[in-house]
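The structure appears below as C-alpha cells.
The values are calculated or read from the model by the stated rules, or taken from the named source; none is laboratory data. These numbers were taken from a predicted model, which means no experiment stands behind them. Glycine also receives a Cβ, built like all others from the backbone with ideal geometry; neighbour counts cover every protein chain displayed.
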C-alpha cells in the first residue's frame, strides 16, 4: 500500500540545498491541512466556505479543497514549482487538479509514492500500542489495529486507484517507505533532481 502520495510540479531553476525537499529545491511543500487553515486565516472566499463547513463538523468536499489548492499555488513562492503533500487521495481529486493546472498552462512533473508493506505497518502499530500500554500511557487511536484495517479498506477503495491513474500517465515514482529515513529522503531528492526545468510562471501574485 501507499503510505503517502506527493504530487510535484516544478518550474525554472531548482537550487540544491541540504535538508528537506522543499529546502533543497527552493519550492514550497504544501499539505492540504495547512492550506485549509491558511485559507481560513486569510479570510478568502474559499477560506470562509471552508470555515463554515468545518464549524459544522463536516468534511471539506473535493471542489472546495481543490479551489483552496488552486488559490495557494498562485502565490509567488510557488512560481518556481511546488510539492503537494498527501494530495490527491482520490481519482476525482486527481482529475480536478489536472483541470486546475491546465487552466494555468502547467502540469505535474512527477508523483512520488512511498510504498510500504501492510503487514509491516500492522506490526509497527501493534508494537507502538504495546509500548504505550507498558508505559501506562494511552494508546493513540491511530495505533488501534482495527482502526488501521478500516483505513486500509478506505485506501483500497479510494486511494489505490490514484496510483494507477498516475502510472498510466507515466508520472509515478515509487520509493520503498520502509527504508531508513535518510535513504528515503535521498531517493525522493534524486527523483526531484531528475525532473526537467520549465520557465518560471509569471501568472502568480
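Sub-9 Å Cβ pairs linking a first residue in the stretch 40-57 that is at negative phi to a second residue that is part of a helix (DSSP H, G or I) and exposed (fewer than 15 other Cβ atoms within 10 Å of the Cβ), at least 6 apart or interchain, are 40/48; 40/54; 47/41, ordered by first then second residue. Considering only residues in the stretch 51-62 that are in a helix (DSSP H, G or I) and modelled with pLDDT under 85, the one that is farthest from residue 101 (Cα to Cα) turns out to be 55.
Got at least one residue in the stretch 108-119 being loosely packed, with under 12 Cβ neighbours inside 10 Å and modelled with pLDDT under 90? Yes, some residue in the stretch 108-119 is loosely packed, with under 12 Cβ neighbours inside 10 Å and modelled with pLDDT under 90.
For the stretch 96-103, check the following and say yes or no: at least one residue is in a helix (DSSP H, G or I), under 20 Å from residue 70 (Cβ atoms) and more than 20 Å from the chain's Cα centre (by Cα). There is at least one residue in the stretch 96-103 that is in a helix (DSSP H, G or I), under 20 Å from residue 70 (Cβ atoms) and more than 20 Å from the chain's Cα centre (by Cα).
Scanning the stretch 75-99 for residues that are over 30 Å from residue 143 (Cα atoms), modelled with pLDDT of 90 or more and surrounded by fewer than 19 Cβ atoms within 10 Å (Cβ to Cβ) yields 95, 98, 99. Pick from 65, 40: which is farther than 22 Å from residue 103 by Cα and either touching a strand residue (DSSP E or B) at 6+ places or on another chain (Cβ under 7 Å) or surrounded by 17 or more Cβ atoms within 10 Å (Cβ to Cβ) (or both)? Among 65, 40, only 40 is farther than 22 Å from residue 103 by Cα and either touching a strand residue (DSSP E or B) at 6+ places or on another chain (Cβ under 7 Å) or surrounded by 17 or more Cβ atoms within 10 Å (Cβ to Cβ) (or both).
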